[in-house]
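> What follows is a structure written as structure tokens; I'll ask about it next.
The values are calculated or read from the model by the stated rules, or taken from the named source; none is laboratory data. Since the model is a prediction, treat every value here as computed from it, not as a measurement. Cβ sites come from the backbone with ideal geometry, for glycine too, and all protein chains shown count toward neighbours. Remember, those area values only see protein heavy atoms, side chains included, never the ligands or the DNA or RNA. Shrake-Rupley method; radii C 1.70, N 1.55, O 1.52, S 1.80 Å.
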Amino acid sequence: MTTPQSMPPSSDKPAAKRFDSPEQEAYLHLWRTYDRLKALEERLFQQYDLSPQQYNALRLLRAAQPDTIPTLALGARLISRAPDMTRLLDRLEERQLVERQRRPENRRVVEVGITATGIELLDKLDEQVRQCNHEQLGHLSKQSLAQLVALLAEARQPHETPDQPWP
């Protein structure tokens with residue numbers, strides 16, 4: 001029978017290797033950070049029955065107004081890929097937050113625009129989103145935030161498509 005006194009001290013064991021490489025360690029830290037920050041964002045958007053992607057689409061449409069954006073171009077501008085843009089837009093259209101129209105000269109192109117109801121919702125969310133962002137990263141200094149943005153852009157750069165760079 002093994003007793004606590006008869007067990008070898010933990011310092012006698014070699015330390016378990018937590019990561020296979022520095023790249024894996026950085027990636028897993030990034031993933032864990034994303035998960036924690038995303039939970040705060042999701043908590044906010046759930047109150048309004050919105051997904052973060054739907055919010056992002058509405059934000060992009062508000063920035064484009066009074067113009068509309070072709071569906072494919074809107075999908076390309078989203079922060080994260082939306083595997084089913086049609087369903088995302090269907091849900092927003094059901095709530096009368098967006099309108100879709102086909103171009104008369106090319107019926108295959110669908111243009112999307114934000115409605116007054118969509119703008120009202122975003123206006124209502126603006127301050128809450130700023131507060132959420134502050135809760136997520138407000139503990140970092142302006143210098144640290146600038147460094148973080150630069151490092152993330154550098155890490156992402158080789159994986160961005162040349163025709164769709166992200167600022």
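> May I ask you to compute the full-extension gain from Ser51 to Gln147, defined as 0.36 nm times their residue separation minus their alpha-carbon distance, rounded to one decimal in nm?
Values: separation 96, 0.36 × 96 = 34.56 nm, distance 2.85 nm.
Gain in length upon complete extension: 31.7 nm.
> Quick one: dipole size for the chain, taken about the Cα centre, charges +1 on Lys/Arg Cβ and -1 on Asp/Glu Cβ, in debye to the nearest 20. Display every interim value, and only then the final one.
Numbers: 23 positive and 24 negative charges, 32 e Å.
Magnitude of the dipole: close to 160 debye.
> Let me test this: with uniform point scatterers at the alpha carbons of the chain, what is the Debye-based log₁₀ I(q)/I(0) at q = 0.08, 0.17 1/Å?
Taking Cα atoms of the chain as identical point scatterers yields -0.38, -1.19.
> Considering only the chain, what is the antiparallel percent among its DSSP beta bridges, to the nearest 5?
Numbers: 8 of 8 bridges.
Once the DSSP bridges in the chain are tallied, antiparallel ones form about 100 percent.
> Of Leu121, Gly138, Val98, which is farthest towards the positive pole of region 95-141's charge dipole, taken about the Cα centre with +1 and -1 on the beta-carbons of Lys, Arg and Asp, Glu respectively?
Val98
> What FRET efficiency comes out for the pair Leu40/Ala73, r = Cβ-Cβ distance, R0 = 35 Å, nearest 0.05?
On the way: r = 29 Å, r/R0 = 0.83.
In this case the efficiency is close to 0.75.
> Return the carbon/sulfur percentage of the accessible area of the chain, one whole number, probe 1.4 Å, all protein chains in place.
Working: 6780 of 12760 Å².
Carbon plus sulfur share of accessible area: 53 percent.
> Under 10 Å, Cα contacts only: if you run a Gaussian network model on the chain, which one of Ser80, Ser21, Ser51 comes out with the highest mean-square fluctuation?
Result for the chain, Cα springs under 10 Å: Ser21 fluctuates most.
> Here's a follow-up. Filter the GluC sites (Glu not before Pro) in region 35-127 to those in DSSP coil with at most 11 other Cβ atoms within 10 Å of their Cβ, and list the result. Don't skip to the answer; put the middle values down first.
Values: sites: Glu41, Glu42, Glu93, Glu94, Glu99, Glu105, Glu111, Glu120, Glu127; in loops: Glu105.
When the GluC sites (Glu not before Pro) of region 35-127 are filtered for loop state and at most 11 Cβ neighbours within 10 Å, Glu105 remain.
> Using each residue's phi in region 95-103, evaluate 6.51 cos²θ - 1.76 cosθ + 1.60 at θ = phi - 60° and report the 3J(HN,Hα) Karplus result to the nearest Hz, with x for Gly and Pro.
3J(HN,Hα) across region 95-103, in whole Hz: 8, 6, 8, 9, 10, 10, 9, 8, 6.
> Roll a 1.4 Å probe over the protein chains and send me the accessible area per residue for the chain in Å².
Using a 1.4 Å probe on heavy atoms only, each residue of the chain averages 76 Å².
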